[in-house]
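See structure below.
The values are calculated or read from the model by the stated rules, or taken from the named source; none is laboratory data. Keep in mind that what you see is a predicted model, and the values were worked out from it rather than measured. Glycine gets a Cβ as well: all are built from the backbone with ideal geometry, and neighbour counts include every protein chain shown. SASA here: full protein model, heavy atoms, side chains in, ligands and nucleic acids out. Shrake-Rupley method; radii C 1.70, N 1.55, O 1.52, S 1.80 Å.
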Amino acid sequence: MSKEIKGIIPPVITCFDQNGNFHDQAQREVIRFLLPHVDGFYPTGTYGSGPIMTNEERKRAAEVIIDEVNGQVPVIMHVGACNTALAVDLAKHAEAAGADAVASIPPWYYKYPEADLLNYFRALMKAVKIPVFVYNNPELSGNPLTPAMIKTLAAEGLAGYKDSKFDIVNFYQFLDAVKDPKFIPIVGTEAIAAAAVEAGAKGVVSGLANVWPELMQEFWQILQLNDGRKAAEMQMKVNRARSIIKIGPTLVTCYEVLKMRGVNAGYPRLPYSLLPDDLRAKVKNAFVEMGLLK
């Protein structure tokens, strides 16, 4: 892999206009806002609205994001889909567009046998030459990945994983499953980042980094100091900020906070709508109290 995958990686939001169409210029503005403070991008996943976009829309978003990033940091395109053929199609496109890696949540809605889930990820690894990551998010996929499955796929060439179970014990078990130093474990939330990084996570896919990349950049720098007290203090600050973006629907709040920060992030896609005035004011006041907004 030419670029090291590590550090703070926002699951960057996808920008739409008021009619629900992909908004090229807003997307580029968001990328430019984030680039100085982050170590990579993870587009078209949960925060990136991938499941409510068509494959063609996801391909267009990939092209714009990869073009705007212009090789400055790695781009891990999320290509998860509800069936294998759609995911393979997205993965091949991402590779051709210049993505540094691809990642996928297990196919969702139906419950699948372990063998079928393994074959889904094997199909992705066979389809592309760039690194493939699995994305464990059992709450959303309904199909949890296990340490044994991670170990099996790692032996067959899996590059790493993003674990979004929000369970530090589960993350420890994943770490214990694969000892290869080239394998790349990534924690999928900033909420347990201090413990995860101390244990061996090489990166943090942080939704909060969509709106406060500077805060997460500072957090990452503190985590490199091996100072447990400072890391714990910063973890608490990060979690306070995180609780604020959850005052309303988290994804929608990201668009609103970026707007408060002077960034044109466009609009969320229906069925999501903008925050009502009372929640918007509550979010703004909370960030003012934290000293993050004026």
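Per-structure values
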{"quantity": "Translational diffusion coefficient (Stokes-Einstein; Kirkwood radius from C-alpha pairs) of the stretch 1-49 at 4 °C, 1.567 mPa s, in µm²/s", "calculated": "111 µm²/s"}
{"quantity": "Dimensions in Å of the stretch 164-294 - Rg and Dmax from alpha carbons", "calculated": "16.2, 50"}
{"quantity": "Charge dipole magnitude, Cβ of K and R +1, D and E -1 - the stretch 1-120, Cα centre, debye nearest 20", "calculated": "140 debye"}
{"quantity": "Listed residue (287, 117, 164) projecting farthest to the positive dipole end of the chain, Cβ model", "calculated": "287"}
{"quantity": "Dipole moment magnitude, nearest 20 debye, the stretch 78-165 about Cα centre, only Lys, Arg, Asp, Glu C-beta charged", "calculated": "80 debye"}
{"quantity": "Formal net charge of residues neighbouring residue 9 (Cβ-Cβ distance under 12 Å; K, R +1; D, E -1)", "calculated": "0"}
{"quantity": "Partners for residue 294 among lysines (Cα-Cα distance below 30 Å; same-chain residues under 8 apart left out)", "calculated": "230, 237, 246, 259, 282, 284"}
{"quantity": "D_trans [Stokes-Einstein, Kirkwood Rh over alpha-carbon pairs] for the chain, 37 °C, 0.692 mPa s, µm² s⁻¹", "calculated": "172 µm²/s"}
{"quantity": "17 Å Cα-Cα reach of residue 6 towards lysines, excluding residues that sit fewer than 8 places from it in its own chain", "calculated": "162, 182, 202"}
{"quantity": "Gain upon complete extension [residue 273, residue 109; 0.36 nm per residue less C-alpha separation]", "calculated": "56.7 nm"}
{"quantity": "Net +/- balance of residues flanking residue 279 in space, Cβ distance below 12 Å, scoring K and R +1, D and E -1", "calculated": "+1"}
{"quantity": "Average accessible surface area per residue within the chain, 1.4 Å rolling probe, Å²", "calculated": "44 Å²"}
{"quantity": "Residues residue 129 and residue 214, FRET efficiency given R0 of 41 Å [Cβ-Cβ distance, rounded to 0.05]", "calculated": "0.70"}
{"quantity": "Inverse of mean 1/r across different Cα pairs in the stretch 1-130, Kirkwood, Å", "calculated": "14.9 Å"}
{"quantity": "Net dipole in debye of the chain [+1 Lys, Arg Cβ; -1 Asp, Glu Cβ; about Cα centre; nearest 20]", "calculated": "200 debye"}
{"quantity": "Mean Cα-pair separation over length for the chain, i.e. relative contact order, pairs under 8 Å, 6 or more apart, %", "calculated": "19 percent"}
{"quantity": "The stretch 11-151 - percent of accessible surface contributed by carbon and sulfur, probe 1.4 Å", "calculated": "52 percent"}
{"quantity": "Volume per residue that the Cα convex hull of the stretch 114-208 spans, once the total is divided by residue count, Å³", "calculated": "97 Å³"}
{"quantity": "Net charge of Cβ neighbours under 13 Å - reference residue 91; Lys, Arg +1; Asp, Glu -1", "calculated": "+3"}
